[in-house]
1. Give the average over all directions of the projected area of the C-alpha convex hull of region 377-491, one decimal, in nm².
2. Starting from the Cα-Cα distance between SER68 and SER47, subtract it from 0.36 nm times their residue separation and give me the gain in nm to one decimal.
3. Which of the following values of mean projected area of the Cα convex hull in nm² was calculated from the structure shown: (i) 31.2; (ii) 29.5; (iii) 39.4?
4. So which of LYS123/LYS184; LYS184/LYS479; LYS429/LYS492; LYS443/LYS465; LYS27/LYS118; LYS140/LYS479 end up more than 18 Å apart by C-alpha?
5. Given charges of +1 on the Cβ of Lys and Arg and -1 on the Cβ of Asp and Glu, with all other atoms neutral, how large is the dipole of the chain about its Cα centre, in debye to the nearest 20?
6. Going Cα to Cα from LYS353, which aspartates and glutamates come in below 12 Å? Please leave out same-chain ones fewer than 8 positions away.
7. In nm, to one decimal, how far is the LEU16 label point from the ASP259 one, both placed 7 Å along Cα→Cβ?
8. Over the chain, what is the relative contact order in percent, taking alpha-carbon pairs closer than 8 angstrom and at least six residues apart?
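Please treat every number below as a calculation from the coordinates, not as lab data. No experiment lies behind these values; they were computed from the predicted model shown. Cβ: placed from backbone, ideal geometry, glycine included. Neighbour counts: every protein chain shown.
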Amino acid sequence: MAVTKKILWVDDEIDLLRAHVRLLEQKGYVVETASNGEDALDMVRSSPYDLVFLDEMMPGMGGLRTLSEIKDAVPSLPVVMITKNEAESLMEDAIGSKISDYLTKPVNPSQVLSSVKKILEGKKIAGEHVSRDYTQEFQKITRLLMNPLDDRDWIDLYLRLTNWDLELDRHPELGLRQTLLDQKRECNIEFGKFIERVYRGWISQDRGERPPLSVDVIERFVIPELSRSTSVILFVIDCLRLDQWLVLEELLRDLFTIDRNFHFSILPTATPYSRNAIFSGLFPLELQQRFPDLWSSGQDDESSLNRNEHELLAKLLERRGVRLKPEPKYVKILDPEFGRQIEHNIVSYLQGKLTAIVVNFIDMLAHGRSDSPLLKEIAPDEAAYRSLTRSWFLHSSLFGMLKTLARQRGITLVITADHGSVRCLRGSKIVGDREASTNLRYKFGRNLKIDERQAVFIKDPAEYKLPRTSVTTNYVLAKEDFYFVYPTDYHKYLSQYRDSFQHGGISMEEMILPVVTLKPRGG
């Protein structure tokens with residue numbers, strides 16, 4: 001049963017507004033009236049109201065003072081200010097006092113009703129429209145999946161799903177979240193089939209004939225900006241997903257003009273492969289052939305496998321005929337203290353033509369959530385994970401850097417990710433020898449056995465331009481939301497890693513990544 005909303009209308013000429021009061025009562029609202037600020041304040045203090053209409057010009061306690069007193073008494077109570085005075089300074093005073101709406105006399109019934117509905121029923125009405133629109137969108141996406149899709153179609157489809165994710169964050173009461181999650185799972189099934197069909201073709205094509213991959217990011221999106229800008233800074237945010245970026249983008253729109261593009265992560269969607277590919281412009285097999293020492297240590301050790309990114313970037317620029325003086329700078333931020341140091345000195349980096357900054361927090365957050373009950377409690381689902389990302393960003397050295405850079409002239413920022421992550425909900429039993437890697441979404445080693453409905457089995461790594469440590473090395477890449485669990489202590493690890501964010505496999509969330517070019521609005 002709907003709860004009747006209660007409105008207080010305060011005006012020293014309230015008798016002249018009886019027609020408006022009757023209209024609201026006919027629409028089902030309870031309306032009480034007061035002719036001065038003192039009475040209104042007593043009524044607000046003694047009885048709960050959902051909305052107040054407040055005249056600005058009243059004898060005795062004026063409208064702005066009454067507004068201030070009401071807000072002191074009930075800070076959350078919405079107030080609509082009504083006035084004959086259209087002075088901008090008065091509007092600013094009222095808005096600064098946190099009014100919910102502003103109407104100028106003489107008000108007409110449609111204005112009054114519109115204001116009431118916007119404030120008291122706006123969320124409900126918006127929710128009804130969202131529910132209707134998503135039902136239509138669900139049907140459109142279902143029909144799309146029945147047709148062949150190319151890389152642009154998949155980017156568009158994933159962007160649409162992600163925007164719905166964010167919309168449903170604002171309307172959790174609609175109960176549509178599970179429907180969307182089920183549809184995303186269905187899309188990831190088809191996306192996995194798509195990648196199995198096209199990926200080997202992509203990596204054998206010329207750069208201009210395929211969608212941008214990790215190896216193309218610097219050539220496609222960074223190098224062209226060097227001739228257009230006084231300085232370019234490339235930020236690579238490890239493990240940043242599209243949905244997380246869109247949350248951050250909302251906070252940057254007033255600071256920058258934003259041009260959003262996309263690239264596909266190479267496989268496996270893991271830092272040693274995808275981030276090295278970004279900085280080197282080379283696929284892992286090519287990297288092994290040119291830099292054999294890079295793969296000489298254990299492939300689970302990121303600190304060793306990604307230790308040469310500065311050198312790889314320099315050699316990529318050299319191969320592309322790009323000569324910079326001074327040489328490009330490279331920074332990797334692994335802890336908050338070092339991040340603050342870079343934040344304080346970020347303008348000094350603009351003396352160079354190109355700076356690359358790697359930010360590791362999101363990746364640490366994803367892995368930390370797997371091992372920390374506290375983090376899992378704080379971020380139990382993807383909506384909360386996005387919220388946690390936003391909270392981190394607001395207080396991060398990265399946001400501080402971006403706000404400082406937004407005040408500079410002639411510079412360009414490029415922000416991207418090496419890979420994303422997927423929320424893993426289903427375990428997949430895998431068998432391998434002791435030398436097999438320990439990753440949860442991809443593995444390499446000998447004698448790997450897996451249900452190939454749940455993973456891509458790569459018998460010949462060279463077909464995927466992947467390195468091999470021996471003649472019998474194979475790779476397996478998890479599809480959809482599966483994660484690998486060995487038979488030993490199967491149920492223990494199945495439970496431990498269920499509902500964790502992992503990467504290395506094949507999913508839209510891991511592979512389809514934003515590449516965003518930002519130019520300061522104030523520059």
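1. On the way: hull surface 44.3 nm².
Approximately 11.1 nm², given one-decimal rounding.
2. On the way: separation 21, 0.36 × 21 = 7.56 nm, distance 1.78 nm.
The SER68-SER47 span can extend by a further 5.8 nm.
3. Read-out from the structure maps to (ii).
4. On the way: LYS123/LYS184 26 Å; LYS184/LYS479 13 Å; LYS429/LYS492 13 Å; LYS443/LYS465 15 Å; LYS27/LYS118 14 Å; LYS140/LYS479 24 Å.
In this structure, LYS123/LYS184; LYS140/LYS479 lie more than 18 Å apart at Cα.
5. Numbers: 70 positive and 76 negative charges, 343 e Å.
Roughly 1640 debye, rounded to the nearest 20.
6. The qualifying aspartates and glutamates are GLU225, GLU327.
7. Roughly 5.6 nm, to one decimal.
8. On the way: 859 pairs, mean separation 86.9, N = 523.
Computed over the chain, the figure is 17 percent.
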